[in-house]
Amino acid sequence: MPSAQKPMRYGHTEGHTDVCFDECGGCIVTCGSDGDVRIWENLDDDDPKSINVGEKAYSCALKNGRLITAVSNNIVQIHTFPEGAPDGILTRFTMNANHVVFNSDGTKIAAGSSDFMVKVVEVTDSSKQKTFRGHDAPVLSLAFDPKDVFLASASCDGSVRVWKIADQTCVTSWLLLQKCNDVVNAKSICRLGWQPGSGKLLAVPVDKVIKLYRRETWDNQFDLSDTSVTQPLNVVVWSPCGQYLAAGSVDGSIVVWKVEIKECIGRMKHEKNYTICGLAWHPKYGQIAYTDTEGNLGLLENIGDGKKPDDKVASTVAKDYNDLFDGEDDDYLNGDMTEPQSSPKGIANEDDDDDDDPMPTSGHPRRTIIDNDDNSLDIGLIKASSSLLDKEDDDDDQAGGFPALPASSARQPFYDGPMPTPKQKPFQSGSTPVHLMHRFMVWNSVGIIRCYNDEQDNAIDIEFHDTSVHHATHLPNSLNHTMADLSAEAILLACESTEELASKLHCIHFSSWDANKEWTVDMPEDEDIEAICLGQGWAACATSALLVRIFTVGGVQKEIFSLPGPVVSMAGHGEQLMIVYHRGTGFDGDQCLGVQLLEVGKKKKQVLHGDPLSLTKKSYLTWLGFSAEGTPCYVDSEGIVRMLNRGLGNTWIPVCNLREHCKGKSDHYWVVGIHENPQQLRCIPCKGARFPPTLPRPAVAILSFKLPYCQVTTEKGQMEEQYWRSVVFHNHMDYLSKNGYEFNENAKSQSAKEQQELLMKLFALSCKLEREFRCVELADLMTQNVVNLAIKYASRSRRLNLAQRLSEMAVEKANELATALEEEEEEEDFRNHLNAGYSNSATEWSRLPVRNVQGDQEMEDAEEADTFEEAEETPEAHKQRQNPFSKGVTSKEVTTPKSAVIASSSQGRVNPFKVSSNKKDPVVPSANILDSMSKHAKKTPSCSSRLANKQKPPVIKPLIPKPKSKQASAASFFQARTPNSSEKIVEEREEKVESESPVAEVATQENTENKRPRTGFQLWLEENRANILTDNPDLNEAEVIKEGMSRFRMLSSEERLVWTEKAKEGTVNDLTEAKKRKRPTAGKDEGKKSEEEKSEDLNLSKKVKPLDQSTNVRLSAFAFKQS
């Protein structure tokens, strides 16, 4: 029958690990460099008993209820077994003991130490000791002759000696090993072995062969070797019957020989190639327990002609592990994650070795060995290059359909190409392996379902994270449900078929408003449920007949469709159903999976049509699901988390590598949920395992996402990663809005703001590095108002060519926005035309674009909102914005009623590029964007105040420039801005300020003619605006008001009182007020000079920081702090 290699378990910390069975084979005992002895009921024991015996345990032996350990404080001690109570010290050395062994009847122990000594001690009376001296280096290992006459020892001095116990003399010595000065430097720890029973042969591992020496004559009878052994052999162990000999090598190979015919009957390879340092043969059955130098424990089953085990250690052998993944902790694959094939046909041949029915080989070609001995076993020769899987061969000569061959032609290699990968078995995401007695059936963002299956009861516990959804529930599990899913509406359970009962789907619809909350559906005969999932208002199951069946949550059968291959896993969220299945057979350790994504709501469509699922090399799927926001995600066994990127044609993007967060090689993270906003990966850290135990309750850790961009240690790489991560993690908002779901508009505007800030920082960085082409590429990703800021930055950085290119881009963007608006308007008209004669209630179709536009609008508004927060504080600014049609706005910009209609229909999208100009100073946009930046910046009626007033403002269409004026403006731009020296720049600035201030003043006067100021500050600001602009020519309106407020606060209380009085007196008619303010030019110039002096004094005395910095101000501050 086929040999089976169970997946390894993490047992101890890294370092030498020893293993043995108790006499009846009821449990496995291991000890390791963490100083613990662990007692495993079987390999799947999730909670082995642990006894701490010291700081480090080097070796252990067990017989007659006594556990002997050699520990780091140079003692050999005794504990009772299985209680683990200390029972005294047997002997001491001056250095630590490296190996301890019992004799055959358990009355004596032998111990070999690094102080070159070997001692034999009576267990019941430790005063009776014999010491064997003669080795010139630390003793590596010992073996008792079964007849208690001889003792064999191996040492770092290169010799293997045989001692006569009675008179403590050395009978013979062979120089076989490489010399070394300490155990840690030894090529091999050379664990020896006497043949049980007769003690006729002594086996010694020497380099790549096992030398067998004859008792009494001490001559080398013969050697055992095998072509698969490429590295020195480390340990040997005999089967209790004395017919078989197993050896483990330093590169992780385990080979089994039938000694009588000197024939190799089995080979196994450790997946990670770790050194095998402990081997123990089960006292009754063909099982070998092995340990490696990384602290892991593994089990080989069905070796030789061992009888079928029926005790605890082998509790899971009845399952046919036909397709096994070997290696440390790859539990998911061989049924630790999913149900093993325990169907009747799978175990048909397990009891009778000479049954002629062939075992199901699942069609994997492999290199085979054929042997005509009835007791022997054929185990497939493992292809070493395939590090992920080990296949087992059929159980007797006829099993594979080959005739028995004579012994001479016993070894025949067959197919030697790439090895097919065993197909991954179906599993439920968030569940732990089915064969565990206590396991998680599902752990997701709604709650946890646990299953308890032990002697006392078989039950299911359901617990909700939010108890307001539903209270915790306890259900009996009489049908033996193995699959479960949980949503905020229902609990879905499924069981496989048995000989009497069909496979059943059982749903508990706890959110139902009627009294009957449960329903069950039986599958047709020979059809087993393999995966299940729940969505909003529906449930689905995938079956062994390659069908997917969809039901309503109330139990109505809906669509059925076929899958192209066997299902691996499925997940649901809202209306989305995702299914992963086998597209074909993978090779050399790779799985070949496909994914389908469907929408099963009212509008049914397939989004992913069975596209190949990207997995890391030699990995398999471990988790499949959706983020809390509904984006499909999955995780593979190498810890790579991938998410669907809807912004790039439904491609998969890796968003996190869990291995980067793990401390040890054998640690893993077990994913339970993914959130995009806030960005959180919720998972459970598992020390030395792939999944958590049910008790104690595991703690959830929150990990951050990181896209694998290049050079993330540099500032540029870091900001690029942050920008694209923000983009990818906010794609779900467009999806939600497109499908008519509600979502958080604030979060969307916040993310847009964050993205634009990152782009601006990248732009500033590229500017500093003089990469102007890159700057333009970055600007292409920006919104119009941020391009505006970029232009400002470029012109201040004296990058005129860049500024010019950006200004052209800004105009293009404005035009695009205009055409988009016109198209929307046409669409709106078309819709109105269609809706004529029907009810006015908006259909889903007619409602959606509006929502989109609103989202865009708020996104853009958010950019400006901060800039105007400060300005809003003053009633004057507020009043100026109340009427967008007041004198300050030119006739050119007053839109037709038609465009007003568009605006209201599309929730008030505004052109953030529009710069309001004065009648006296008409400007063409291409020039305006640069030249009048400081004059007219931000005088548009602010979006934030509009939001505050809940008005629906008109859309301002951008001005489309004439080609001539563009060239002209470019020419004048270059002439004006190419000074030879810094002095020129300063002069030019001063001139510009002179010419600008009257314009600004006139503008403010005209604006205030209709709206007379009512407070002292506003009056004072009108008087002193010119000074502020003279000192700071680049300030926009909001910044002027801020600067004004800070200066006004610095006045003495008397002066402020005077201004307040003036404001009160000012109840004269508006016209006279206006006339008073229009002073003669000469007077104005004199006044200006004196005010300049005043303001200079003020500036010297105290520099005041503006109170509330807006986004743009912050960004520009960031951009300019170097200069």
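Each label point was placed 7 Å from the Cα along the Cα-to-Cβ direction; for residue 488 and residue 52 their separation is 4.6 nm. The Cβ shell under 14 Å around residue 560 holds other residues with a net charge of +1, Lys and Arg each +1, Asp and Glu each -1. Computed over the stretch 220-266, the P(r) tail beyond 18 angstrom holds 22 percent of alpha carbon pairs.
Take the Cα of residue 606, go 7 Å toward its beta carbon, and the backbone nitrogen atoms of the stretch 519-548 under 14 Å from that spot belong to 547-548. Annotation: extensible slack from residue 168 through residue 516 equals 117.0 nm (criterion: 0.36 nm per residue apart, minus Cα-Cα distance). The gain in end-to-end length when the residue 73 to residue 546 segment is fully stretched comes to 164.1 nm, 0.36 nm per residue minus the alpha carbon separation.
Please report, as a whole percent, how much of the solvent-accessible surface of the stretch 599-666 comes from carbon and sulfur atoms (probe radius 1.4 Å). On the stretch 599-666, the fraction of accessible area on carbon and sulfur atoms equals 53 percent.
For the stretch 534-690, taking the reciprocal of the average inverse distance between every pair of different Cα atoms yields a Kirkwood hydrodynamic radius of 16.5 Å. Taking amide H as placed 1.01 Å from N in the peptide plane, residue 266 has its amide H under 5 Å from the amide H of 256, each at least 5 places away in sequence or on another chain. The separation of the stretch 1-80 from the stretch 802-825, counted between C-alpha centres, amounts to 74 Å.
Amide H contacts for residue 584 (H built 1.01 Å from N in the peptide plane; partners 5 or more residues away or on another chain; cut-off under 5 Å): 592.
In this structure, residue 744 and residue 184 have a Cβ-Cβ separation that, at R0 = 51 Å, corresponds to a calculated FRET efficiency of about 0.30.
Using a cut-off of 22 Å between Cα atoms, the listed pairs 211/258; 119/164; 423/604 include 423/604 as exceeding that distance. Amide H contacts of residue 530: 542, 543, 544, each under 5 Å away and 5 or more positions distant or on a separate chain (H built 1.01 Å from N in the peptide plane; Pro and chain starts excluded). For residue 823 and residue 675, a Förster radius of 30 Å and the Cβ-Cβ distance give a FRET efficiency of 0.25, rounded to the nearest 0.05.
If each residue of separation counts as 0.36 nm, what is the full-extension length gain between residue 261 and residue 798 once their alpha-carbon separation is subtracted?
Once the chain is fully extended between residue 261 and residue 798, it gains 184.3 nm.
What number comes out for accessible area per residue over the stretch 1-45 if the probe is 1.4 Å? Units Å², please.
With the other protein chains kept in place, the stretch 1-45 gives 22 Å² per residue.
Among the protein heavy atoms of the stretch 68-206, carbon and sulfur supply 49% of the accessible surface, probe 1.4 Å, non-protein parts ignored.
Spatially, the stretch 429-505 and the stretch 93-128 are offset by 52 Å when compared through their Cα centroids.
Measuring nothing but how far apart in sequence close Cα pairs (under 8 Å, 6+ apart) lie, relative to its length, the stretch 541-678 scores a relative contact order of 13 percent. In this rough spin-label picture, where each label sits 7 Å from Cα along the Cβ direction, the residue 1032-residue 500 distance is 8.7 nm. Taking every Cα-Cα distance in the stretch 682-746 and sorting them into 5 Å bins starting at zero, the pair-distance distribution P(r) comes out as 4, 13, 14, 12, 12, 15, 16, 12, 4, 0 percent.
Other residues with beta-carbon under 10 Å from the beta-carbon of residue 35 carry, at +1 per Lys or Arg and -1 per Asp or Glu, a net charge of -2. If you take the beta carbon distance between residue 768 and residue 1051 as r and set R0 to 60 Å, what does 1/(1 + (r/R0)^6) give as a FRET efficiency, to the nearest 0.05? Efficiency at R0 = 60 Å is approximately 0.90. Placing a label point 7 Å from the Cα of residue 702 along the Cα-to-Cβ direction, the residues of the stretch 719-733 with a backbone N closer than 19 Å are 726, 729-730. Taking all protein chains into account, the per residue accessible area for the stretch 690-772 stands at 49 Å² (1.4 Å probe).
What is the sum of charges, Lys and Arg at +1 and Asp and Glu at -1, for the other residues whose Cβ falls under 12 Å from the Cβ of residue 279? Residues near residue 279 contribute -1 overall. Remark: the stretch 473-612 carries 43 Å² of accessible area per residue (probe radius 1.4 Å; ligands, DNA and RNA excluded).
The distance from the alpha carbon centre of the stretch 176-246 to that of the stretch 129-143 is 18 Å, rounded to a whole number. Distance between the pseudo-spin-label points of residue 214 and residue 125 (7 Å out from Cα toward the beta carbon): 3.9 nm.
The values are calculated or read from the model by the stated rules, or taken from the named source; none is laboratory data. Quick caveat: nothing in here was measured; it's all calculated off a predicted structure. Glycine also receives a Cβ, built like all others from the backbone with ideal geometry; neighbour counts cover every protein chain displayed. Side chains included, ligands, DNA and RNA excluded: accessible areas come from the protein's heavy atoms. Shrake-Rupley method; radii C 1.70, N 1.55, O 1.52, S 1.80 Å.
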